[in-house]
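Novice: Attaching a single structure in structure tokens format; questions to follow.
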Amino acid sequence: MRKTNAERQREFRAKAKGKFKKLEVLLPCNEFDLLHGNAKQSELTKANYVVSLLHGNGLKNSAKNVDDKLPDNGKDLPRLQGAVDELELELAAVKKQLKAGSDDREARQALQKERDALC
């Protein structure tokens with residue numbers, strides 16, 4: 001004989017008594033849609049997704065999702081290193097100029113030639 005919905009519900013409540021607490025939360029529609037989408041993407045129920053968030057984002061694919069959103073700065077590294085090298089050369093030229101003294105016209109002209117060669 002088949003059980004009615006009320007009988008199944010009664011049995012479930014008897015088994016789950018003392019194991020669960022009900023949490024009712026009103027969320028704005030946008031946030032609910034975000035929760036629903038994240039739970040579905042993680043292949044979890046909304047309740048299990050919220051529990052995983054409480055335990056420090058222990059989801060298997062959450063780290064992957066975060067890594068995908070981070071920029072890849074490795075592509076810019078050679079360009080940025082070149083800019084750092086140019087700045088270091090210019091700093092060395094300025095230090096030479098300060099050491100030579102600002103009144104020495106020939107030293108300033110030599111340093112200006114070095115700067116022009118860098119650019």
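Novice: What is the number of the single condition among (1) within 30 Å of A117 (Cα to Cα); (2) at pLDDT 90 or above that G82 does not meet?
Specialist: (2)
Novice: While we're looking at this one, here's another question. On the given criteria, is K96 at pLDDT below 80, surrounded by 10 or more Cβ atoms within 10 Å (Cβ to Cβ) and of a type in the set (K, R)?
Specialist: yes
Novice: Write out, first by first residue and then by second, each pair whose Cβ atoms fall under 7 Å of each other, whose residues are 6+ apart or on separate chains, and whose first residue, in region 4-27, is under 23 Å from V51 (Cα atoms) while the second is modelled with pLDDT of 90 or more.
Specialist: L27/L35
Novice: Okay, next question. Give me a count of the residues in region 16-59 that are in a helix (DSSP H, G or I), exposed (fewer than 10 other Cβ atoms within 10 Å of the Cβ) and modelled with pLDDT under 90.
Specialist: Of the residues in region 16-59, 2 are in a helix (DSSP H, G or I), exposed (fewer than 10 other Cβ atoms within 10 Å of the Cβ) and modelled with pLDDT under 90.
The values are calculated or read from the model by the stated rules, or taken from the named source; none is laboratory data. What you see is a predicted model; the values in this text were computed from it and never measured. Positions of Cβ are backbone-derived with ideal geometry, glycine not excepted, and every protein chain shown enters the neighbour counts.
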